[in-house]
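The values are calculated or read from the model by the stated rules, or taken from the named source; none is laboratory data. Everything quoted here is computed from the prediction, not taken from an experiment. Here the Cβ positions follow ideal geometry from the backbone for every residue, glycine too, while neighbour counts run over all protein chains shown.
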Amino acid sequence: MVAPDYFYKTMYKCVEQAEKFSEKTAIIFDEKSYTYQMLIDSSASMAYHLLDVRNDLQEERVAYMVDPGFDYVKVQWAIWRAGGVAVPLCLTYPFPSLQYVLEDTEAKIVVVSPQYKSMFEEYAVQHGIRLIETHESPSTIKNNLPIVSDDRRAMILYTSGTTSLPKGVVTTHENIQTQVSTLIEAWQWTSADSTICVLPLHHVHGIINVIGCSLYAGATCEFMSSFSAEVLFSRFLSGAINVFMAVPTIYFKLISHWETLNDQQKAEAKDAFQQFRLMVCGSAALPVSILEKWEVISGHTLLERYGMTEIGMAISNPYIGQRRAGHVGIALPGVSVRLVDEKNQSAASDQPGEIQIKGKNVFLEYWKRADATKESFTEDGWFKTGDVALLDEGYYRILGRNSVDIIKSGGYKISALEIEEVLRTYAAIADCAVVGIDNDEWGELVVAAIVIKEHVDTSELNMWMRTQMAAYKTPRVYKIVDELPRNAMGKVVKNDVKKLFI
């Protein structure tokens, strides 16, 4: 047992919260249960090991490549408790991408699950990096861990970098505390909840919405070693899970699995789903077709919300109240939202505008990129998201990103997401992505990459599209592909889609 007189001050107060539930199950992984007390003790031991002879890491960046499960959370908490900045690494990235993060953050400590050690050994020796495996224990135990103030840096997550090199998004302990506590309130998390994490843990969705909220609330968080729709359905049928969060791609896969079941199995699944308290979808636009199909299967209207790495969650459909298809909801408690036009003036009530956000949830800075940080905020302190939305009877409806989802063609501003929604209703289309490509005549030409279920005559498809929407919005070119390029979160990478048409 670790000496009891260690200090905790922040880490969004997760240790202080954990002590309230010390004997309760915090984490389930690989058929083993771990209590909150085990998490407190193990993270303290790892924190001492990280500190070595020091008393405080003083915001030193600690990168970690650790499989989802107890060890992941133990390492995350240990970094914070030692006064470091947590830098989670993507498990599927090739080494050059990992190297970029290590060098950009100047990380001098890397913690790994044993199976990843060989990836880093040579590089660690060459660059003076201390390489630690998750099972290592400290040689000495200190009496105290450092007191870490709320304004100190806590985490660096890297944006996808679709238009430039990835940027490190720096959040403070106060930012994380705000993001978590806001969702606890809005989505009514309690210690009676139990969830399962199927999301990558180098993104805010899994780190904040699933792990952060569940463990702060005293709930139980289960982990899967790898995604399997069949295994996930069996966990749903067990009755052990009552909160679930995923991206549209995962719901699509779950729907596909459900369609393989016989009538009795489908009925059993629906009975199990109706015991759930909450089902959430995010990280990418939720096609209305998936929302409607899932509602038929589960009896639940998925709660769609809006957020990003820099702000956590900012807008959400209500936990109690109407959840509107194709809309991301209303501003969360404590978050200020406004829409502005191209002159940074308030958008007219019936006109789209860029979403701007202000609140304690908003990140501190882009790591070592002062100019990029400055450019991302207005003079009066609003964060410019780059996303365009329309306020529709009190609910925000996302039209897309300024850079890739708003297509400027023939003098019109066209929402790629609106076109995609229509295309997905065509029976022979399984999925699609709409982009604008440079064109001398139109400025940008509207084109669509489509994944098909059966043969599609694109001339017939085009004629049908013109019966569904204005002709200027319909794609001028269709390209049939086996699959759409996606990132680790399952989000379509639109700049890679554009390359398909070169």
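I want to confirm something. Restricting to segment 29-38 and keeping residues that are under 13 Å from V73 (Cβ atoms) and in contact with a helix residue (DSSP H, G or I) (Cβ under 9 Å, 6 or more places away or on another chain), which single residue is surrounded by the most Cβ atoms within 10 Å (Cβ to Cβ)?
Per the stated criteria, the residue is Y36.
Can you tell which of Y319, Y306 is part of a strand (DSSP E or B), in contact (Cβ under 8 Å) with a residue 12 or more places away in the chain and among the hydroxyl-bearing types (S, T, Y)?
Y306
Are any of the residues in segment 13-32 within 21 Å of Q115 (Cα to Cα), of a type in the set (A, V, I, L, M) and touching a Leu at 6+ places or on another chain (Cβ under 7 Å)?
no
Kindly evaluate I357 against the criterion of being modelled with pLDDT of 95 or more and out of contact with any strand residue (DSSP E or B) (no Cβ under 6 Å at 6 or more places or on another chain).
Numbers: modelled with pLDDT of 95 or more: yes; out of contact with any strand residue (DSSP E or B) (no Cβ under 6 Å at 6 or more places or on another chain): no.
Answer is no for this residue.
What is the residue count in segment 353-398 for residues that are exposed (fewer than 15 other Cβ atoms within 10 Å of the Cβ), part of a loop (DSSP other than H, G, I, E, B) and not β-branched (V, I, T)?
6
Condition first: surrounded by 17 or more Cβ atoms within 10 Å (Cβ to Cβ), touching a helix residue (DSSP H, G or I) at 6+ places or on another chain (Cβ under 8 Å) and over 30 Å from G128 (Cβ atoms). Can you find one or more residues in segment 40-53 that meet it?
Yes, segment 40-53 contains at least one residue that is surrounded by 17 or more Cβ atoms within 10 Å (Cβ to Cβ), touching a helix residue (DSSP H, G or I) at 6+ places or on another chain (Cβ under 8 Å) and over 30 Å from G128 (Cβ atoms).
Would you check if there is a residue in segment 92-104 being within 26 Å of D30 (Cβ to Cβ), at pLDDT 95 or above and assigned by TED's automatic domain parsing to the domain that holds S43?
For segment 92-104, residues within 26 Å of D30 (Cβ to Cβ), at pLDDT 95 or above and assigned by TED's automatic domain parsing to the domain that holds S43: absent.
Among the listed residues Q58, Q76, Q37, which satisfies the condition of being assigned to a loop (DSSP other than H, G, I, E, B) and either in the same structural domain as F223 (by TED's automatic domain parsing) or at pLDDT 95 or above (or both)? Break it down into steps so the answer makes sense when it comes.
On the way: Q76 fails: assigned to a loop (DSSP other than H, G, I, E, B); Q37 fails: assigned to a loop (DSSP other than H, G, I, E, B).
None of the others qualify; the one that does is Q58.
State yes or no: is S226 among the hydroxyl-bearing types (S, T, Y) and either in contact (Cβ under 8 Å) with a residue 24 or more places away in the chain or touching a helix residue (DSSP H, G or I) at 6+ places or on another chain (Cβ under 7 Å) (or both)?
Answer is no for this residue.
Just one of A284, A325 is surrounded by fewer than 21 Cβ atoms within 10 Å (Cβ to Cβ), under 16 Å from the mean Cα position of the chain (by Cα) and in a loop (DSSP other than H, G, I, E, B); which is it?
Working: A325 fails: under 16 Å from the mean Cα position of the chain (by Cα).
A284 is the lone residue from the list that is surrounded by fewer than 21 Cβ atoms within 10 Å (Cβ to Cβ), under 16 Å from the mean Cα position of the chain (by Cα) and in a loop (DSSP other than H, G, I, E, B).
Give me the helices (runs of 4 or more DSSP H) completely within segment 403-502, filtered to those with at least 1 residues that are more than 25 Å from the chain's Cα centre (by Cα) and surrounded by 17 or more Cβ atoms within 10 Å (Cβ to Cβ), ordered by residue number. Break it down into steps so the answer makes sense when it comes.
Details: elements: 416-423, 458-468, 494-499.
Where helices (runs of 4 or more DSSP H) fall fully within segment 403-502 and carry at least 1 residues being more than 25 Å from the chain's Cα centre (by Cα) and surrounded by 17 or more Cβ atoms within 10 Å (Cβ to Cβ), they are 416-423, 458-468.
In segment 334-364, how many residues are more than 23 Å from the chain's Cα centre (by Cα) and of a type in the set (K, R)?
1
Against the definition (at pLDDT 95 or above and of a type in the set (V, I, T)), how does V497 come out, yes or no? Write out each step before concluding.
Details: at pLDDT 95 or above: yes; of a type in the set (V, I, T): yes.
Answer is yes for this residue.
Between a residue in segment 435-449 that is farther than 15 Å from K473 by Cβ and any residue that is in a loop (DSSP other than H, G, I, E, B) and β-branched (V, I, T), which pairs come within a Cβ distance under 6 Å, given they are 6 or more apart or on different chains?
Within 6 Å, the pairs are A449/V481.
Being on the phi < 0 side of the Ramachandran plot and more than 19 Å from the chain's Cα centre (by Cα): is that true of A331 here?
Considered against the rule, which asks whether it is on the phi < 0 side of the Ramachandran plot and more than 19 Å from the chain's Cα centre (by Cα), A331 comes out as no.
In this structure, is T162 modelled with pLDDT of 85 or more, closer than 23 Å to E375 by Cα, under 19 Å from the mean Cα position of the chain (by Cα) and not basic (K, R)?
Considered against the rule, which asks whether it is modelled with pLDDT of 85 or more, closer than 23 Å to E375 by Cα, under 19 Å from the mean Cα position of the chain (by Cα) and not basic (K, R), T162 comes out as no.
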